[in-house]
Amino acid sequence: MKRRSWSVVRKEKLARCGKCKKAFYCNGKCQKEDWAMHKLECSAMIAFRENWCPSEICRLVARILAKKNIMKERCASENILLIEEMQSHVEDVDNEKREMHEADVARLHRFFPKHLEFPDHKDLLRLFAQVACNGFTIEDDELSNIGTAIYPDVALINHSCCPSVIVTNNGTSAEVRAVQNMKPGDEDKEKLKVRKQSDPIEPEVISNMVRYARKTIGDELLEMCELSLEEMGAVFDDANVYMLHVMYQAMGVCLYMQDADATLRYGEKIVKHYRKLYPSYSLNVSSMYLKLGRLYMGLERRSPGVSALKKAMAIMEVAYGKDHHYLTELCKEMAQQ
């Protein structure tokens, strides 16, 4: 499975860029069509080698700037709203995010010095804020994140913790599907709910634990994850977002260590809370069921494996539509088991 600029395909033999040796395509035609974008990175990949490390958002901003220079008319996803008209909330960005945007601007100048015309510093910061605020995750057929895209028209849809529609990708297009009955003018107005414990906890204790949790997220050592879960568990419920983040990290470490049983234990605990915290048709829930289903199958536990894959498929049929190629591939996979 390789990512290219047009879509995600599953194919044994892929065409590869002869210069950088890092960009893959399903055929020569797609490779040629992508050159206008790939040339932004090709020479830099060769020059920087292992030091080539622009962030995902930095690479997306570079492509936006390049396309804006090439395309003088609105693109297909700007029928209603132009990229420069998207909300940035730049005035609400905290110091931590502002520093991240500044670092990305510096990376943009370092890794993309050729082929681009840069706007002034203030406009660049605003563009990074717009992309960070309005970007959509692109998933592969395992519903794992493989990239980020911008669809200005779709960005008009307001965020909701319990959405009435889901945005998915099909090739280079974004598809918006309703997951519940709607009337004209309907809009989700669900707010974040605060989870309460039986015994009141001082705000300072919660604040300290939040800082601890943020520092912990991203650690890749299983021992650190387990110690962190034990420490945070004294204050946070298992369904707390930071607890779930660390459980997910622990699950990833177990998977990397090829400990399927431990991976399943974490996955089963996570999906139990995901089902309660996320909407019925959340792709986050579907992604967990996919991972669990394939783990079960790998351990030759067919019954729970098929059950988990069917639950994933039920969500994907609503989110992607029954004719999406992800569903076709999943059906073939289940038939071969």
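Residue-by-condition table, conditions (1) touching a strand residue (DSSP E or B) at 6+ places or on another chain (Cβ under 6 Å); (2) modelled with pLDDT under 70; (3) at negative phi:
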{"position": "L125", "(1), (2), (3)": "no, no, yes"}
{"position": "V131", "(1), (2), (3)": "no, no, yes"}
{"position": "P152", "(1), (2), (3)": "no, no, yes"}
{"position": "C161", "(1), (2), (3)": "no, yes, yes"}
{"position": "I166", "(1), (2), (3)": "yes, no, yes"}
{"position": "T172", "(1), (2), (3)": "no, no, yes"}
{"position": "D188", "(1), (2), (3)": "no, yes, yes"}
{"position": "R195", "(1), (2), (3)": "no, yes, yes"}
{"position": "E202", "(1), (2), (3)": "no, no, yes"}
Given the criterion modelled with pLDDT under 85 and either farther than 13 Å from L108 by Cα or not charged (D, E, K, R) (or both), identify the matching residue among K68, K29. K68
Note: among A239, A319, A262, A234, just one is surrounded by fewer than 18 Cβ atoms within 10 Å (Cβ to Cβ) and in contact with a Lys or Arg (Cβ under 8 Å, 6 or more places away or on another chain), namely A239
Can you report the number of residues in segment 85-109 which are in contact (Cβ under 8 Å) with a residue 40 or more places away in the chain and among the charged types (D, E, K, R)? 3
Out of segment 230-275, which residues are among the charged types (D, E, K, R), touching a residue at least 12 places away in the same chain (Cβ under 8 Å) and part of a loop (DSSP other than H, G, I, E, B)? D237, D238
Could you check C20 against (1) in a loop (DSSP other than H, G, I, E, B); (2) under 22 Å from the mean Cα position of the chain (by Cα); (3) surrounded by 13 or more Cβ atoms within 10 Å (Cβ to Cβ) and say which number it fails? (2)
Checking L283, L277 in turn, the sole residue that is among the aliphatic types (A, V, I, L, M), touching a Leu at 6+ places or on another chain (Cβ under 6 Å) and closer than 18 Å to V179 by Cα turns out to be L283
Report yes if I157 is surrounded by fewer than 18 Cβ atoms within 10 Å (Cβ to Cβ) and in contact with an Asp or Glu (Cβ under 8 Å, 6 or more places away or on another chain), otherwise no. no
Quick one: which residue in D104, D123 is in the same structural domain as R63 (by TED's automatic domain parsing), part of a helix (DSSP H, G or I) and closer than 24 Å to A47 by Cα? D104
Quick check on segment 59-82: of everything there that is within 20 Å of the chain's Cα centre (by Cα) and touching a residue at least 60 places away in the same chain (Cβ under 8 Å), which residue is nearest to F128 (Cα to Cα)? V61
Suppose the filter is of a type outside the set (F, W, Y), within 26 Å of R265 (Cα to Cα) and modelled with pLDDT under 90; does G298 pass it? yes
Within the group A308, A312, which residue is in contact with a Ser or Thr (Cβ under 7 Å, 6 or more places away or on another chain), surrounded by 21 or more Cβ atoms within 10 Å (Cβ to Cβ) and assigned to a helix (DSSP H, G or I)? A312
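The values are calculated or read from the model by the stated rules, or taken from the named source; none is laboratory data. Keep in mind it's a predicted model, so treat the numbers as computed, not measured. Don't worry about glycine lacking a Cβ; one is built from the backbone with ideal geometry, like all the others, and counts go over all protein chains shown.
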